[in-house]
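Asker: Sharing a structure here in structure tokens format.
The numbers here are math on the coordinates, done by the rules we state, and not lab data. Note that the coordinates shown come from a computational prediction; the quantities given were computed from them, not determined experimentally. FYI the Cβ positions are ideal-geometry reconstructions off the backbone, even for glycines, and counts take in every protein chain you see.
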Amino acid sequence: MATKKSNTIKLKFDSARNLAPAPESKSAAKIDPQYELFINGKFEKPSGKKYFASINPATEEKLSMIAEANDADVNKAVKAARAAYENVWKKMPGAERAKYIYRIARMIQERAREFAIIETLDGGKPIRESRDFDVPTAANHFFYYAGWADKLEYAFPNRHTSPLGVAGQIIPWNFPLLMAAWKIAPALACGNTVVIKPAENTSLTALKLAEIIQEADLPAGVVNIITGAGATGAAIVNHPDVNKIAFTGSTEVGKIIQRAIAGTNKKATLELGGKAANIIFDDAPIDQAVEGVINGIFFNQGHVCCAGSRLYVQESVFKEVVRKLKDRLESLIVGDPMDKNTDIGAINSKEQLNIINNYIKIGQQEGAEMYQSSASLPKRGFYCRPTIFTNVAQSNRIAQEEIFGPVLAIQSFRTDDEVIEKANNTPYGLSAGVWTDKGSKIFNMTTKLRAGVVWANTFNKFDPTSPFGGYKESGYGREGGVHGLAAYVNIV
Amino acid sequence: MATTEKRIEVLKTYKIYVGGQFPRTESGRYYLATNSKKEKLANICLSSRKDFRDAVSAARGAFGGWSGRAAFNRGQILYRIAEMLEGRKAQFVDELMKQDADKAQAEKEVNLCIDRLIYYSGWCDKFQQLFSTVNPVASSHFNFSNPEPTGVVAAIAPQENSLLGLVSLIAPIIAGGNTCVVLASNTKPLCAVTFSEVLNSSDLPGGVVNILTGKVAELAPFFADHMDVNATVYCEADAATQNMIKEKSALNVKRVFLYDKVKWNDATAQSPYFIMDLQEIKTTWHPIENIGGAKAGY
């Protein structure tokens, strides 16, 4: 039998990659040479007098020096938060709290361009994503939760709410400003005060947010932003006067936190890792699905806990999908995150690049077939070519473990039952995706996939009104929407 | 012809309830249940870790079917459990009295159990409506969030209120579509075993509820660290056990609920919030096509 001739010729992308550079200007953002800790409404020097460098992962240049908070600093921040809680914030009428939170939202919008530039310089993500997603979504999150502050009595039928007290919050480096917004906004709306620690690689937008909080005249101590690495985070988790821990990060650290607070009355919400299945049926609109898969795994260099890192393609369209994915991979522009044309920016840190490269090696050693884009990478900075693996077994580590990078593991399936089984066969349960034109099949899949967020014929969509969070080892609690309030109140 | 001689009573063998069957513990071990007058009541299975693991796999096996049932059907089955309990009220009153309750107390407890089952029967197809949302996202998507059961729940029932505590614990777990393994009161185990007979004759699929008898101190660590259990519930105030359960539960990020402050006789011991404790919120997105210019202007 003659093999069916492919209608597509090898596509040429050279010209597409050679778009004239469209760089965003660094001058629209002001980065100080050194940043202090934001405690009790003031910027204070760390008591240990230690600072660490924050670098631009796209160029490896130093951006600023960041203060490292030690136990004494954490203690000071918690004390400030406790005093602000007891004396000011818990007594303030919700409607007044709301106005402060609205102010923060508005000020982020006013300074959106500056935030986007700093987010990209500090974290390596494409300016298009910082500008169009991270910063506006962060502002919207504050705006959404501001409105809840005086409406909490409507949120839980037949119950009243009271704030928890001081919330200790620890956030990751993949969406620095947005995660700060996800944590701070609902906590404040519910009447809690906050001690928050951004990830050590990406402290800058949180510190910029501290400037806004100061400008907004938020009562001193209501939000304290302290910087540092794991030890600082541990000091927050273990501080006896913290009532609630909200953590976004790896499942490994999430488990450590759950254990650390076991002997206490601290409440916790954990938003942990994922290994999302993205499933394409043969009746799916294939071009849209391919676009969704690309967005699902390469958005933010794959540094996304809900990234669609496992692709399941129905056998009858497997070849077509893989061919189109490879074509699309070739057209992705990898490089300078500050260029508005860039699709895939810099990997957040050298350590993360090493982790990703190690998984790429493991994938090949395990016998999977690798395909990488032929894009040339900048000489300096941390970059990784978008990578897909076919011929992957369910038991392969690249199909089991969270890589947190631009690496996709592709498998095929025949029946609905088979793919449900495969998709759910993971300790994680954060998100999933389904691509099919058949409505009844969509609902069969979305109800049977054990994950907190299911995208049907779309992927990686977020909204302040939309609850986000995991099943199983992807954590517990929700962020966003009315359900996100439950993380920050006692329901009595 | 009626005899004046005293009839020899047929004594009941108290067994555990796993996967819809009544095995003895695989360990062959037992303990003697007594009341405060030190009267011997029965030999009770001293369940082992292996019994617990068997029960978890029965619960896991039953989860897909039970969570997939129509909520209305779950409501009917909870109602059926209440009907069966009503019909066997005398037996439960008798057992409670053997275990030190007076008649009025015993009757009150059984009545409360029946009423509580009816209460949760009604919630089966209603709590989802109360706690679901359609989310007005800013993009062109239809987006909704609804509760789904957490999965397999391992629960340790309170020692006092041996029947009411057990029923109040199980009802919201299964009303929400979860399956469970429950460790009955160690000191007052009779009613729990008899309640499993009620469950078994109520159209409740085997494996949805599994009831073990035995020692809390022995079994609690396994309830907390089994990798195929999604949530652990503990009802006593013992701080050391609470902390142990919370710590071991971190192994696979189990949800932990401590019900030591619940007053089981009180109306506050029933609410849809007990159901919601063991639910996950799932959010589903789908695009809305937005290519035409037409508006709904009428």
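Asker: What is the calculated FRET efficiency for A:Glu86 to A:Gln364, with r their C-beta to C-beta distance and R₀ = 45 Å, to the nearest 0.05? Kindly include the intermediate steps, with their values, before the conclusion.
Answerer: Values: r = 58 Å, r/R0 = 1.28.
Efficiency, from the Cβ-Cβ distance: 0.20.
Asker: Starting with the fewest neighbours, write out B:Ser202, B:Ser132 ranked by other beta-carbon atoms found within 10 Å of each beta-carbon. Write down the numbers at each step before the final one.
Answerer: On the way: B:Ser202 19, B:Ser132 14.
Starting with the residue having the fewest Cβ neighbours, the order is B:Ser132, B:Ser202.
Asker: Check the straight Cα-Cα distances from A:Lys79 and name the aspartates and glutamates below 13 Å, setting aside those fewer than 8 residues away within the same chain.
Answerer: Those aspartates and glutamates meeting the cut-off are A:Asp71, A:Asp241.
Asker: Put a dot 7 Å past each Cα toward the Cβ at A:Glu252 and A:Arg113; how far apart are the dots in nm?
Answerer: Distance between label points: 4.2 nm.
Asker: Which distance in Å, rounded to a whole number, links the C-alpha centroids of the range A:471-492 and the range B:249-296?
Answerer: The range A:471-492 and the range B:249-296 have Cα centres separated by 8 Å.
Asker: Okay, next question. Which of the pairs A:Lys90/B:Lys254; A:Lys42/A:Lys183; A:Lys30/A:Lys340; A:Lys90/A:Lys151; A:Lys151/A:Lys461 have their Cα atoms more than 24 Å apart in this structure? Please report the intermediate quantities before stating the final value.
Answerer: Numbers: A:Lys90/B:Lys254 31 Å; A:Lys42/A:Lys183 21 Å; A:Lys30/A:Lys340 20 Å; A:Lys90/A:Lys151 15 Å; A:Lys151/A:Lys461 26 Å.
Violating the 24 Å Cα-Cα cut-off are A:Lys90/B:Lys254; A:Lys151/A:Lys461.
Asker: For the range A:301-386, what is the largest minus smallest coordinate of the Cα atoms on each principal axis, given in angstrom and ordered from greatest to least?
Answerer: Extents along the principal axes: 41, 29, 25 Å.
Asker: Using only helices, what value at 222 nm comes out for the protein assembly as shown when you add -39,500 (n - 2.57) per DSSP H run of length 4 or more and divide by the total residues, to the nearest 500 deg cm²/dmol?
Answerer: Details: 25 runs with 293 residues, N = 790.
Using -39500 (n - 2.57) per qualifying helix, the result is -11500 deg cm²/dmol.
Asker: Same structure, new question: Take the alpha-carbon centre of the range A:205-244, take the same for the range B:22-38, and report the distance between them in whole Å.
Answerer: So the separation of the two Cα centres works out to 55 Å.
Asker: Percentage of Cα-Cα pair distances in the range A:274-456 greater than 20 Å, rounded to whole percent?
Answerer: On the way: 8220 of 16653 pairs.
Considering the range A:274-456, 49 percent of its Cα-Cα pairs are separated by more than 20 Å.
Asker: Using only C-alpha positions, report the orientation-averaged shadow area of the convex hull of chain B, nm², one decimal.
Answerer: Numbers: hull surface 86.1 nm².
Averaged projected hull area, Cα only: 21.5 nm².
Asker: Given a Förster distance of 30 Å, report the FRET efficiency between A:Lys26 and B:Ser140 from their Cβ-Cβ distance, rounded to the nearest 0.05. Can you show the working numbers first?
Answerer: On the way: r = 34 Å, r/R0 = 1.14.
About 0.30, to the nearest 0.05.
Asker: How much net charge surrounds A:Thr202 when only the other residues with a Cβ under 12 Å from the Cβ of A:Thr202 are counted, with Lys and Arg +1 and Asp and Glu -1? Display every interim value, and only then the final one.
Answerer: Details: positive: A:Lys125, A:Lys197, A:Lys208; negative: A:Glu119, A:Asp122, A:Asp134, A:Glu200.
Taking every Cβ under 12 Å from that of A:Thr202, the sum is -1.
Asker: State the volume of the convex hull built on the alpha-carbon positions of the range A:147-286, expressed per residue in Å³ and rounded to an integer. Provide the component values of the computation, followed by the final result.
Answerer: Values: hull volume 25.8 nm³, N = 140.
Convex hull volume per residue, Cα atoms: 184 Å³.
Asker: Using each residue's phi in the range A:46-52, evaluate 6.51 cos²θ - 1.76 cosθ + 1.60 at θ = phi - 60° and report the 3J(HN,Hα) Karplus result to the nearest Hz, with x for Gly and Pro.
Answerer: x, 5, x, 6, 9, 9, 10
Asker: Compute the convex hull volume of the Cα atoms of chain A, divide it by the residue count, and report the result per residue in Å³ as a whole number. Walk me through the numbers before you get to the answer.
Answerer: Numbers: hull volume 71.3 nm³, N = 492.
So the per-residue Cα hull volume is 145 Å³.
Asker: Sequence-distant or interchain residues sharing an amide H contact under 5 Å with A:Gly475, placed H: which?
Answerer: The answer is A:Leu272.
Asker: Show me the helices of chain A, taken as full DSSP H stretches, that run 18 Å or more along their long axis by Cα and average 0.5 or above in Kyte-Doolittle hydropathy. Please list the in-between numbers first.
Answerer: Values: long enough: A:71-84 (19 Å, -0.26); A:94-110 (24 Å, -0.59); A:176-189 (20 Å, 1.34); A:318-331 (20 Å, -0.94); A:350-365 (22 Å, -0.76).
TM-like helix candidates: A:176-189.
Asker: Return an integer: the convex hull volume of the alpha-carbon atoms of the range A:57-155, in Å³ per residue. Write out the running numbers ahead of the final one.
Answerer: Numbers: hull volume 13.3 nm³, N = 99.
Taking only Cα atoms, the range A:57-155 has a hull volume of 134 Å³ per residue.
Asker: Taking R0 as 35 Å, what's the FRET efficiency between B:Gln105 and B:Gln129 from their Cβ-Cβ distance, rounded to 0.05?
Answerer: Working: r = 37 Å, r/R0 = 1.05.
Once the sixth-power term is evaluated, E becomes 0.40.
Asker: Also, I was wondering about something else. What does the net charge come to around A:Trp182 if you take all other residues with beta carbon closer than 9 Å to its beta carbon, with K and R at +1 and D and E at -1?
Answerer: On the way: positive: A:Lys183; negative: A:Glu271, A:Glu479.
Surrounding charge for A:Trp182 is -1.
Asker: Taking amide H positions as placed 1.01 Å from N in the peptide plane, with prolines and chain starts having none, which residues 5 or more places from A:Val313, or on another chain, fall under 5 Å of its amide H?
Answerer: Here the answer is A:Ile280, A:Gln411, A:Ser412, A:Phe413, since their amide H atoms fall under 5 Å of that of A:Val313.
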